[in-house]
Every structure is written in structure tokens, then in C-alpha cells.
Amino acid sequence: MEATASNRYLTLPNAFTLIRLCCIPLFLYLLFGRDNRAGAAWLLGGLGATDWFDGWLARRFNQTSEFGKIFDPTADRLLFIVAIGGIIVDHSAPLWIAWAVVTREVLVGGTVAIATLAFGMKRFDVTWWGKTATFLLMFAFPGFMLGASKFPGHQGFEIASWLLGIPGLILSYYTAVTYIPTIRASLREGRGTAS
């Protein structure tokens, strides 16, 4: 029974993750199609604020699944990369910090994907520090967007974004470095299981 539950695809948390993923085109439409920088910022902030909810649903209703453990962080990374890519095109955040985040996400995400698919690396969970970095950055970028808009109090949002963004960026690169031994160990464990 436990094995069946852990291999389910159609679960409430996975459906919620899918809904969040489907908001990517809406974000891009608001930003570019409607030229509504503030609306896109609030949507991105809402997506960041609900990042924890699918995990809570999985634990609350005992619907954790191996697919969900892969689908949720993959959806989060895709959402993050596409959103920041849009922000770079729109010039609604400092370009150096946006490129630094995209570079980190592509390097870490690409390394994990290649190690998992090509070399059979055993999956590992994101650390608390990694989640904290993502949390800070997921609020910093909507704040930068609001700071670059005519939304009331936009200057306050910009200041708050710097206060969140710099620690978030430092933490994200720190966790990228700390993942190196974890990736090596997971690769060895994956190979050992396969042999």
C-alpha cells in the first residue's frame, strides 16, 4: 500500500504544483502583453508565497510521492528561471543580480539533471539553507519589479528587495558549493545501488 501511494501521480499536491506551473504564461502575459509590471510582480510574489503549500498538502493528506518530490522542485526551478528571464528582458531588476541567479540555477539544475539522468545519481533533498535562499529571492524579485513600477511605495519595495536579495544571492551560492560533496556522495550511492 505504501509503495502504491509513493508512486502516485494524480495527487492534490501535484495538482497544486501544476497550477503554479501554469501561471508562468500568465506572468509573461501580464509583464509583456499587458505591460502590467505591478500585476506580474504580485503574481510572482503570490507564487513564491505559496511555494510551501504543496509540501504541506502532501504531508497533511499523506500524499507524498516520488514523482512529487521531483516535480515540485523542477517546477519551482522552471518558474524561477522563466520569471527571471522575463525580468531581465524587461529590465525591471538589476541585471547583474538577475544574471547571477539565472547562472546559479542553470548550473546547479543542469548538474543535478545530468547526474541523475546520465549517471544514476540518487535524489537528495534541498537543504534548509537552500530553501531559505529561494524564499528570499522569490520575494526580492517581485519587490524589484514593484520598485521599477509606479506602484505606490515603490521606493520602499526597492529597498526591501536589496535587503532580501543580497543575503539570498549569497546563500544561494553558498548552498551551491555545499551541494558538491552531497552530489558526489549521491552519485556513489546511485552507482552502488545500480551495480
In deg cm²/dmol and to the nearest 500, what is the mean residue ellipticity at 222 nm of the chain if only DSSP H runs of at least 4 residues count, each as -39500 (n - 2.57), divided by the residue total?
-> -27000 deg cm²/dmol
Which ordering of 90, 35, 54 is given by a fewest-first count of other beta-carbon atoms within 10 Å?
-> 35, 90, 54
Estimated D of the chain in µm² per second, where Rh is the Kirkwood radius over Cα pairs and Stokes-Einstein applies at 25 °C, 0.890 mPa s | 138
Region 107-124 - phi-based ³J(HN,Hα) in whole Hz, Karplus 6.51/-1.76/1.60, Gly and Pro as x | 5, 5, x, x, 4, 5, 4, 5, 5, 6, 6, 8, 10, x, 4, 6, 5, 10
Nearest 10 degrees, 0 to 90: helix 66-90 Cα axis against the chain principal axis = 30
With N residues in region 132-193, Rg(alpha-carbon) / (2.2 N^0.38 Å) equals 1.64
Pick out which of 115, 93, 140 has the largest mean-square fluctuation in a Gaussian network model of the chain, springs linking Cα atoms closer than 10 Å.
-> 115
Size of the dipole of the chain about the Cα centre, Lys and Arg at +1 and Asp and Glu at -1 on the beta carbon, nothing else charged, in debye to 20?
-> 300
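We did not get these values from a lab; they are worked out from the coordinates using the rules stated. Bear in mind that the values here come from a model prediction, so they are computed numbers and not experimental data. As a convention, Cβ positions derive from the backbone with ideal geometry for all residues, glycine included, and neighbour counts pool all protein chains shown.
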